[in-house]
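Just below is one structure, and these are the notes that go with it.
The values are calculated or read from the model by the stated rules, or taken from the named source; none is laboratory data. All values reported here derive from a predicted model rather than from experimental measurement. Positions of Cβ are backbone-derived with ideal geometry, glycine not excepted, and every protein chain shown enters the neighbour counts.
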Amino acid sequence: MTLRTVLATPWRTTHRSLRWLSLAIYAGLCVAALGCGMFVHDRHAWLFGTALYCFGVGYLWAFLMSSLLLVSIDAWQLRMPGIVRTVTLSLLLYGVLTVAVPVAMFVPMGGDAATVALMTALACTSGLAFVLLPRYLSMLIGFLPALGIGLRHLAHIPLPMQPGFIRWGSVALLVLVLVDIVRWRQLLVSDTARETGLASTLVMQFRRNGVTAGWSGMARQGDARLIRQRPDWMQARIRLGNAGPQAPGVALRVALGGWYAPQGISSHLRQVAPVVVPLLLFMPAMAIMQLGEGHGHAVGRMLLAMGVGVVGWLGVFGGVMLAALSGLLLWQRWRRVNAELPLLALLPGLGDAEVVRRELLRATLTRPLAVQALLLLLVLGAALLMHAGPGLLLFAALAQSGCAAALVAMVLGTFGGRPLPGWGIGMLLGMLVLLVGLSTFVPLFATQGRHPWPMSATFSVALAGVWIAVALGLAWLGRRGWQGLQRRPHPFLPN
């Protein structure tokens, strides 16, 4: 066993798309953190840079380093203890390296070495716990900041650079390390590893899904194996009454399946319940945050803030989710090399190739774009209720429009035989999440709260420039897909 082997183990044993996406996000946030520490004129700039770096570290350990568990499980079952030892050494070595990097970057800038190291170690262990714990516990991790804000008057939990942070952080780090070790051991020696349901873990899906582990489960709702694993109350109730030559669009939606299939409202709600229920849990989290801000006496104001928060979050990230759900479903359908897809060209009553293209685009884009328009109205309505300025309204509209444009570009690329590769889709969706967050929350924080700070013109111009570049890229992808679609004899050709 050599040092080179230990260093290369995570990169050789991880799905290629997941490997490159994790590296891109980590490297991008490293550069952003270094730039923040160097160019932000504030004595605590190193602290902001460390926080940015911690996001990258959390993602790296959640979606790259955790994949070493899959290798360990295979080695354990094959009775190959040498590989398990290599994985253990790799985890320890990368743990030291990921903590040492920000210390080397920010201590020369005036940063506190203990605070930087502790924040980074907490990010590593939290990211690992997020994918190792059962989903019903992992989803609660996202509400811990709200709980800390709401209860800070009852139990003071110090933040970085506040007295007592090292003591509290060390206890939290010890707890997270113990949780990670126990959970890793449980999954390693377990004879069965469930991949579905709230008791499953996210890491067990990385082996077959790679970078789209979280999205592909929703995108492949029509797979026979997933249908058999889904409980009866979540099964889709398809309406076939209108399908036929008189309604080719409905027939195509039935063939596409998933959320495109014609269903009633109750059927759709049952299928999206695992996603909607965690979103609804955001309401008590918002209530706790408002109580922490001293608004507990104003029940009406608190309820309004809760509603606006839910609508805003659902609208902001619902646009990305909708683009991913629709685009990945069609991307998966057109990748299958079997007779199911080409047989759609023989479906009677569809008409010639021009009619087929028009009906297929209408069937696949009308509903998602209508929902995108509804989400845009929800976001703008929430922004107006918060008395947002024109900057937030403009960038919120850009965010939703960008999600809709990404959906159209992905769909045209799929139908035209020029789809993005898996890592390309992952990069596109990751970029959308980043841009949507920047376009929504930065202007929001700049105008709301007790101590609003003016958003700089430089940031606004830079963000607008990035959106223009993204729009040009999506227009090129869409035009390339449209030209490919026009050249095809019919769109039902696998990619």
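Working carefully through the options L47, L60, L70, find the one that is in contact (Cβ under 8 Å) with a residue 60 or more places away in the chain, over 22 Å from F130 (Cα atoms), crowded, with 18+ Cβ neighbours inside 10 Å and not aromatic (F, W, Y).
L47
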Being closer than 24 Å to G37 by Cβ, at pLDDT 85 or above and assigned to a helix (DSSP H, G or I): is that true of S126 here? yes
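Residue-by-condition table, conditions (1) modelled with pLDDT of 90 or more; (2) of a type in the set (G, A, S):
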{"position": "S67", "(1), (2)": "no, yes"}
{"position": "D74", "(1), (2)": "no, no"}
{"position": "Q77", "(1), (2)": "no, no"}
{"position": "M80", "(1), (2)": "no, no"}
{"position": "I83", "(1), (2)": "no, no"}
{"position": "A100", "(1), (2)": "yes, yes"}
{"position": "F106", "(1), (2)": "no, no"}
{"position": "D112", "(1), (2)": "no, no"}
{"position": "L118", "(1), (2)": "yes, no"}
Over 22 Å from V116 (Cα atoms) and either in contact with a helix residue (DSSP H, G or I) (Cβ under 8 Å, 6 or more places away or on another chain) or of a type in the set (S, T, N, Q) (or both): does that describe I73? yes
Kindly list, by first and then second residue, each pair from a residue in region 470-486 that is over 23 Å from L398 (Cα atoms) to a residue that is in a helix (DSSP H, G or I) and charged (D, E, K, R), limited to pairs with Cβ atoms under 9 Å and residues at least 6 apart or on different chains. L485/R357; Q486/R357
Among the helices (runs of 4 or more DSSP H) contained in region 1-97, which hold 2 or more residues that are in contact with a Gly (Cβ under 6 Å, 6 or more places away or on another chain), in the same structural domain as G111 (by TED's automatic domain parsing) and closer than 24 Å to L176 by Cα? 16-39, 45-63
Identify, please: which residue in region 85-101 is of a type in the set (A, V, I, L, M, F, W, C) and touching a residue at least 60 places away in the same chain (Cβ under 8 Å) and is, among those, farthest from T13 (Cα to Cα)? V101
Cβ pairs under 8 Å, 6+ apart, first in region 103-121 and in a loop (DSSP other than H, G, I, E, B), second basic (K, R): G110/R43
Given the conditions (1) within 30 Å of A251 (Cβ to Cβ); (2) crowded, with 19+ Cβ neighbours inside 10 Å, every one holds for L374 apart from (2)
Report every pair of residues separated by at least 6 positions or lying on different chains whose Cβ atoms are under 8 Å apart, first residue within region 359-374 and on the phi < 0 side of the Ramachandran plot and free of Cβ contacts under 8 Å to residues at least 60 places away in the same chain, second among the hydroxyl-bearing types (S, T, Y) and in a helix (DSSP H, G or I). P368/S326
All-but-one check, G389 against (1) under 30 Å from Y59 (Cα atoms); (2) in contact with a Ser or Thr (Cβ under 6 Å, 6 or more places away or on another chain), failing number (1)
